[in-house]
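Down below is the structure, laid out as structure tokens.
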Amino acid sequence: MLTCQQLTELVTDYLEGQLPFRKRLSFHLHIGMCRDCRTYVRQMKLAVRTTGALPPGDIPDEVRDQLLRRFRDWKD
Amino acid sequence: MHVGAVNRMRAPDDTEGGEDAVLIARLLAGDEQAFVEIVERLHGSLVRVARAFVGDRAVAEEVVQDTWAAVLEGLPRFEGRSSLKTWIFRILTNRARTRGARESRSVPFSSFDSVDEHEPAVDPARFLPSGKWGAPPRAWNEDSPERLLARRETLAFLEQAIAELPRSQRAVLVLRDVEGVDADDACDILQITENNQRVLLHRARSRLRAALEQHMAP
Ligand SMILES: [Zn+2]
């Protein structure tokens, strides 16, 4: 039987679809029975999706201007 | 099903290829707005990944500037065998690697934050000796990225947490979870093994979850 602690180390392998069949089965069985681990897995997924939803940061004006100058040179 | 929930965030490759083709055509036609768009979208991530190879922020910025120049130069010959984004990151890390090797204090990427060292996903003190949760995670009030990021302090907090990751973890996380690059391409871009990639990603994600947990329910 997979323990909660062991499960927390397998979450990425699980989300990546890299768990071998038997381990994936134990993983499913465990989260089926354990509310705390369900919460944990949900939080991991939410952390991943939230990271993916971060807006791109601002570029300093001088960097942007420099890049635009480069682009204009390249264009000509 | 769970895998699908995560993968859904990524555009399917054909869409990505189609968008790339449109963008490349605009760039080659000299469309300045197209260049601004792609620079705004990728610049921050390029700097973050560059910093995995060159410690100094100013040097990393230079590497990124050089990368954009190389991208423009190579664009007419871009064949679309990978996505445009992957191609750009590959140019970046090639340059950053060369530049990093020249810097006295730089260390090769693969030897950063050695992945052999055990770093638990969750503080072991939160488990009972049986391995069951002793201090389980508490459910969060916000349950969508949009709602989480709607709070300015959460957004700033998450960005800070990413900035504080060890640099190899940060590079993997930025490629995989910020930019949605797939695992194979991330390994190729960073020149690491599939297994190391997954370990680094796991640690980075686990740290971010833990940071968010602290932030949500201190
Ligand atoms: Zn459990």
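Couple of notes before you dig in:
- In order along region B:133-146, phi translates into HN-Hα couplings of 4, x, 10, x, x, 8, 4, 8, 5, 7, 10, 9, x, 4 Hz, rounded to whole numbers, per the Karplus curve 6.51 cos²θ - 1.76 cosθ + 1.60 with θ = phi - 60° and x for Gly and Pro.
- A full extension of the chain between B:Val36 and B:Ala101 corresponds to an added length of 20.3 nm, given 0.36 nm per residue minus the alpha carbon distance.
- 0 to 90° range, to nearest 10: angle between helix B:32-50 axis and chain B longest Cα axis: 50
- Helix-only mean residue ellipticity at 222 nm for the protein assembly as shown, each DSSP H run of n ≥ 4 adding -39500 (n - 2.57), per residue, nearest 500: -21000 deg cm²/dmol
- Compared with the dominant principal axis of the Cα atoms in chain B, helix B:84-102 is inclined by about 80°.
- Within straight-line reach of A:Lys23, meaning a Cα separation under 16 Å, there are no lysines at least 8 residues removed in sequence or on another chain.
- Nearest-10 value in Å² for the accessible area of A:Asp36, using the 1.4 Å probe: 50
- Exposed-loop-free span, longest in chain B, where trypsin sites (Lys or Arg not before Pro) count as exposed if DSSP calls them loop and at most 16 other C-beta atoms lie within 10 Å: B:11-80
- Computed from protein heavy atoms with a 1.4 Å probe, the total accessible area buried between B and A is close to 4900 Å².
- Relative contact order for chain B: 23 percent, from Cα pairs under 8 Å spaced at least 6 residues apart, divided by residue count.
- About its Cα centre, region B:14-102 has a charge dipole of approximately 580 debye under the convention of +1 per Lys or Arg Cβ and -1 per Asp or Glu Cβ, with nothing else charged.
- Here the Gaussian network model covers chain B, with springs between Cα atoms less than 10 Å apart; of B:Leu158, B:Leu28, B:Leu84, B:Leu28 fluctuates the most.
- For chain B, with +1 on Lys and Arg beta carbons and -1 on Asp and Glu, the positive-most of B:Asn196, B:Ile162, B:Ser130 along the dipole: B:Ser130
- Nonpolar atom fraction for chain B, defined as the carbon and sulfur part of the 1.4 Å probe accessible area, stands at 49 percent.
- Orphan Cys of the protein assembly as shown, criterion: no other Cys C-beta under 4.7 Å: A:Cys4, B:Cys187
- In order through region B:157-166: 3J(HN,Hα) via Karplus (6.51 cos²θ - 1.76 cosθ + 1.60), integer Hz, x for Gly, Pro: 5, 5, 5, 5, 4, 5, 4, 8, 5, x
- Projected label distance in nm at A:Met33 and B:Leu149, using a 7 Å step from Cα toward the beta-carbon: 3.8
- Computed on region B:14-102, with alpha-carbon pairs under 8 angstrom and 6+ residues apart, the relative contact order is 36 percent.
- Couplings 3J(HN,Hα) for region B:202-207, derived from phi with the Karplus relation 6.51 cos²θ - 1.76 cosθ + 1.60 (θ = phi - 60°), are 4, 5, 5, 5, 5, 5 Hz, where x marks Gly and Pro.
- Sites listed here are GluC sites (Glu not before Pro) in region B:118-218 whose DSSP assignment is loop and whose Cβ has at most 15 other Cβ atoms within 10 Å: B:Glu164.
- Computed from the C-beta positions of B:Gln65 and B:Leu128 and an R0 of 51 Å, the FRET efficiency is 0.45 to the nearest 0.05.
- For chain B, the longest principal axis of the C-alpha atoms and the axis of helix B:13-28 are separated by about 40°.
- The calculated FRET efficiency for A:Asp61 paired with B:Leu28, based on their beta-carbon distance and R0 = 25 Å, is about 0.45.
- Each Lys and Arg contributes +1 and each Asp and Glu -1, all at the Cβ; summed about the Cα centre of chain B, the dipole is approximately 680 debye.
- Solvent-accessible area, 1.4 Å probe, carbon plus sulfur percent, for region A:4-75: 46
The values are calculated or read from the model by the stated rules, or taken from the named source; none is laboratory data. Because the structure is a prediction, the values reported are computed rather than measured. Cβ: placed from backbone, ideal geometry, glycine included. Neighbour counts: every protein chain shown. Surface areas here come from the heavy atoms of the whole protein model, side chains and all, with no ligands, DNA or RNA. Shrake-Rupley method; radii C 1.70, N 1.55, O 1.52, S 1.80 Å.
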